Every structure is written in structure tokens, then in C-alpha cells.
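Notes to accompany the following structure.
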Amino acid sequence: GSQSPRRRELMSGIDLPFTTVTIDADESYPAELQAGDIPMYISRSKARAYAHKLLENDLLITSDTIVWLHGEMLGKPKDESDAMQMLAKLSGQTHEVYTAVCFWDKSGELETWVDCTKVTFNLLTSDEIEYYVRHYQPMDKAGAYGVQEWIGYVGVTRMEGSYYNVMGFPICHVYERIKKYLY
């Protein structure tokens, strides 16, 4: 249940058949939620919005990713200016990337978990930030960056946790959980 090209790429990499579906779900969340609770709430909302369409042997996987910096959630930027502001905030800082993944099958079994990766950025110049925003597509990415792109090459100095979680899908953990449905 994702339109993310990065999630599709990562799922393809584990050589299991899957189908991508579009889910129209409300991605708002209660204001009191913090950090990993936000993507957990949203990934469950996505699952609930599609669960009635599941067939007998279907396994629905939904996910959501946020960037968390000093008590503030950085989602997808609204425009280029917003993207540049987000990247300026991340410059020289360590932030957390939280990705929640929800599994839902026809029996109604629901399993949701959150993965967290700490990411440290170099100090970025305004020219570097502007270059990235103008030459790449940060608008569909939490925190306005893709670690697998230019900004990750030149800006990320340290990472604690899953690289693929920062891309938006902790595929190793997803695969481990999928195995229980296969065997």
C-alpha cells in the first residue's frame, strides 16, 4: 500500500512477488503524538482504509516515515522554500528517522512496529542546499531529502541504524516478518 518508488524498489530487491495499491487515507494525526508514534498512527490509518478490500491470502503492508528533529516533525515539504528551510534545520545536526510498518492480513491480524535511525548531517552551505533542492526531487521525501541521492553522499557524516529505514522502508525487518507468512 504505497506509491513510494523507493519502497517499490526495496520490495523488488527481496525477490518476492507483490502488487502495489493506491490507498486514499487521511494522514493527519492527533497533535499529542510524538516521534515514532506519528508514523505508527498513520501507517495503521492507511491499513484501515484498505483492509476491507483484502482477499483471502493477501497481506497488506503499509508504511510511513517521518524525520524528527529536536521535538519537531519534518514531513514532506510544501514547496522549494519549505524544503530549503528543512535542510537548513538539519544542517550540522543529528536527527532521527522513524519508519512505521504495518502488516494486516484477511484474518484481521495487525502487526505494527517502528524502526529508528539516527542521522548526522555536515554543515551544509546555502548553495549546497539550493543545488540539491533545484536538481533533485525532495518534495516527496520526509525531511526534504533522500539519503540515496547527492545530499546523502555529501551531507551525511554518521548513521546509527538501518540505511534503508532512512530511505523509507526497513526492508531487512520487513523481510524477517514476511517469512512467518511464507513458512
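The values are calculated or read from the model by the stated rules, or taken from the named source; none is laboratory data. Keep in mind the model is a prediction, meaning the values are calculated, not measured. Glycine gets a Cβ as well: all are built from the backbone with ideal geometry, and neighbour counts include every protein chain shown. Calculation scope for accessible area: heavy atoms of the full protein, side chains included, ligands and nucleic acids excluded. Shrake-Rupley method; radii C 1.70, N 1.55, O 1.52, S 1.80 Å.
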Specify which residue in the list I151, C116, V174 is farthest towards the positive end of the charge dipole of region 85-183, using unit charges on the beta carbon of Lys, Arg (+1) and Asp, Glu (-1), about the Cα centre. V174
When a/c reaches 1.5 or more, the comparison of a/b and b/c decides; with that in mind, is region 96-138 rounded, prolate or oblate per its Cα gyration tensor? oblate
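Work out, in µm²/s and without decimals, the Stokes-Einstein translational diffusion coefficient of region 133-183 at 37 °C, 0.692 mPa s, Rh from Kirkwood over C-alpha pairs.
Estimated diffusion coefficient is 260 µm²/s.
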If I build a Gaussian network model for the chain, linking alpha-carbon pairs within less than 10 angstrom, which residue out of T157, T19, T62 has the largest mean-square fluctuation? T19
Diffusion coefficient in µm²/s returned for region 1-122 by Stokes-Einstein, Kirkwood Rh over C-alpha pairs, 10 °C and 1.306 mPa s, is 101 µm²/s
Under the rule rounded for a/c under 1.5, else prolate if a/b exceeds b/c, else oblate, using alpha carbon gyration tensor axes a ≥ b ≥ c, region 9-68 is classed as oblate
Can you list the aspartates and glutamates whose alpha carbon is less than 12 Å from that of K89, not counting same-chain residues fewer than 8 positions off? E72
Using the eigenvalues of the Cα gyration tensor, what equivalent ellipsoid semi-axes result for region 49-183 when each is taken as the square root of five times the eigenvalue, whole Å, largest first? 32, 15, 12
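What stretch of the chain, leaving out the sites themselves, is the longest with no GluC sites (Glu not before Pro) in a DSSP loop having at most 13 other Cβ atoms within 10 Å?
Excluding the exposed sites themselves, the longest stretch runs over 110-183.
Can you tally the net charge around K89? Count Lys and Arg as +1, Asp and Glu as -1, for every other residue whose Cβ sits under 14 Å from the Cβ of K89. Mind showing how you got there, number by number?
Values: positive: none; negative: E72, D82, E96.
Residues close to K89 contribute a combined charge of -3.
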Carbon/sulfur fraction of accessible area - the chain, other protein chains in place, 1.4 Å, %: 48 percent
Taking each pair of different alpha-carbon atoms in region 52-110 once, compute 1/r for the pair, average those values, and report the inverse of that mean as the Kirkwood hydrodynamic radius in Å to one decimal. 14.0 Å
Looking at region 1-98, which trypsin sites (Lys or Arg not before Pro) are in a loop (DSSP not H, G, I, E or B) and have at most 15 other Cβ atoms within 10 Å? K78
What's the magnitude of the charge dipole for the chain around its Cα centre, counting Lys and Arg as +1 and Asp and Glu as -1 at the beta-carbon? Answer in Debye, nearest 20. 320 debye
Candidates P77, P39, P30: whichever shows maximal mean-square fluctuation once the chain is modelled as a Gaussian network with Cα springs under 10 Å: P30
Which of the lysines could be linked to K179 by a straight reach, that is with a Cα gap under 21 Å, when you skip same-chain ones fewer than 8 residues away? K106
For region 1-59 and region 111-135, what is the separation of their Cα centres, given in Å? 22 Å
State, in angstrom, two size descriptors of region 1-44 derived from its alpha carbons: Rg to one decimal place and Dmax to the nearest whole number. 13.3, 39
